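Since every read-out is calculated from the coordinates, none of them should be taken as a lab result. Quick caveat, the model's predicted, so the values are computed rather than measured. Quick reminder, even Gly has a Cβ in these numbers, built from the backbone with ideal geometry, and neighbours come from all protein chains shown.
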Amino acid sequence: MEDKDYMALACSLAERGRGWTSPNPMVGAVIVKEGRIVGQGWHRRWGGPHAEREALADCVEPPTGAVLYVTLEPCCHQGRQPPCTDAILEAGIARVVIGSSDPNPLVAGKGIEILRAQGVAVETGVLKEACDALNPFFFHYITTKRPYVTMKYAMTLDGKIATRTGASQWITGEAARARVHQDRHAHAAIMAGAGTVLADDPLLTCRMEGGRDPLRAICDTHLRTPLDSRIVETARDVPTVLAAGPEAEERAGPYEAAGCQVWSLPLKGGHVDLTALMDRLGAAGIDSLLLEGGGTLGWSMLEAGLVQRVQAYVAPKIFGGGAKSPVEGLGVDLPDQAFRLKGMTITQIGEDFLLEGEVDHVHGDR
């Protein structure tokens, strides 16, 4: 096996932490001695040992003189866990092969410098693209202090999210809906607007076996969420934030008594300032957010420059009529002003298709 093969294994190990490590990154590690894998591990949960220490603890023989393959640059600072560079040096690791660089200012090359200064051979950038793909949430969050936002919606082939009567369940099939629950598990929070709560009375939970529920954030400027909604009635079991304007403070009592957090936020254009909301969520340690709101909230988030990725589930169906579209709001004036996506992929899930890509915040006329 070559370096890239061991790193590929480390990537697959890192994936096992998906949904559990937030706001830390997913990291995998493999220790190889004389061509034999003697230890492996991954960062299992936030607050727990990092991948390097998990791999060292897993070793079936002393790792002195071995090679450590790790998907992300080892940390060199004291956090909830001690520096991984210390553990690597104490174990007598001779060579470290790294996939991704760590943009965290507390690391950012310092871990590599410490290892090299102590005589450890360090190689970087092995399977970098695959390793980087593990942690877009972490990379965005650690540099902006705001959650990475994925805007998700399901529509028919003619762009409808409901029939003319407003019926929307279900546009996509079971396989696509199961994939959505995987994404709910992977994101730290899920967001919708009060209009969605009033129209659909959703739970916004993760129904994946063995999954975890994301924090639920409801944009509710005037605190219209019904006290008997499923969101409020389950707030003691699932962390729930109602993001409201300053005027809602005096009516927050019953919601807080039910287990909700009510955040009083400044207004912008008559609605909750979404940038202020993202800052507040980031300060609360929310590194990623799945946006499942209606067309108005989707447009507002796009317009504010707060969406990083778009997921569009397209069903091979045609509703016709004048039903709502997945993104509404004012819209652009000219085609050249469109929000553009890059790195597009198309995946067939059951009989439906998932189109997804990153919002291009650099190029284009916006």
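With the Cα gyration tensor of the range 1-110 in hand, convert its eigenvalues to equivalent ellipsoid semi-axes via √(5λ) and list them largest first in whole Å.
One finds semi-axes of 20, 15, 13 Å for the range 1-110.
Can you list the equivalent-ellipsoid semi-axes of the range 122-245, largest first and in whole Å, using the square root of 5 times each Cα gyration tensor eigenvalue?
Ellipsoid half-lengths, sorted descending, are 30, 20, 14 Å.
Which ³J(HN,Hα) values in Hz, rounded to whole numbers, follow from the phi angles of the range 58-68 under the Karplus curve 6.51 cos²θ - 1.76 cosθ + 1.60, where θ = phi - 60° and Gly and Pro get x?
8, 4, 8, 8, x, x, 4, x, 7, 10, 9
Reachable lysines from Lys152, Cα under 19 Å, same-chain residues fewer than 8 places away excluded?
Lys160, Lys317, Lys324, Lys342
Arg216's amide H: which non-local residues (gap 5+, or another chain) put their own amide H closer than 5 Å, with H modeled 1.01 Å from N in plane and none for Pro or chain starts?
Residues meeting the criterion, in which the H sits 1.01 Å from N, are Ile190, Thr240, Val241.
Between the range 221-254 and the range 80-127, what is the C-alpha centre distance in whole Å?
Using only Cα atoms, the two centres lie 45 Å from each other.
Would you tally the net charge around Gln182, using a Cβ to Cβ cut-off of less than 11 Å, leaving Gln182 out, and scoring K and R as +1, D and E as -1?
Net local charge, Gln182 excluded: +3.
Taking only Cα atoms, what is the 0 to 90° angle, nearest 10, from helix 174-186's long axis to the longest principal axis of the chain?
60
For the range 189-217 and the range 286-320, what is the centre-to-centre distance using only Cα atoms, to the nearest Å?
14
Could you work out [θ]222 nm for the chain from helices alone, using -39500 (n - 2.57) per DSSP H run of at least four and dividing by all its residues? Round to the nearest 500 deg cm²/dmol.
Result for the chain, helices only: -7000 deg cm²/dmol.
Using a cut-off of 27 Å between alpha-carbon atoms, which lysines can reach Lys110, once sequence neighbours fewer than 8 places away in the same chain are excluded?
Partners found: Lys4, Lys33, Lys128, Lys145.
What nm distance separates the two modelled labels at Thr347 and Lys128, each placed 7 Å from Cα along Cα→Cβ?
Taking the two extended label points, one gets 2.5 nm.
Please check: in the Gaussian network model of the chain (C-alpha springs, under 10 Å), which one of Arg309, Arg36, Arg44 has the largest mean-square fluctuation.
In the Gaussian network model the winner is Arg36.
How are the alpha carbon pair distances in the range 156-306 distributed across 10 Å bins from zero to the largest one, expressed in percent?
11, 40, 37, 12, 0
Just to be sure I understand: with springs between alpha-carbon atoms less than 10 Å apart, which residue in Leu330, Leu265, Leu302 has the highest mean-square fluctuation in the Gaussian network model of the chain?
Ranking Leu330, Leu265, Leu302 by mean-square fluctuation puts Leu330 first.
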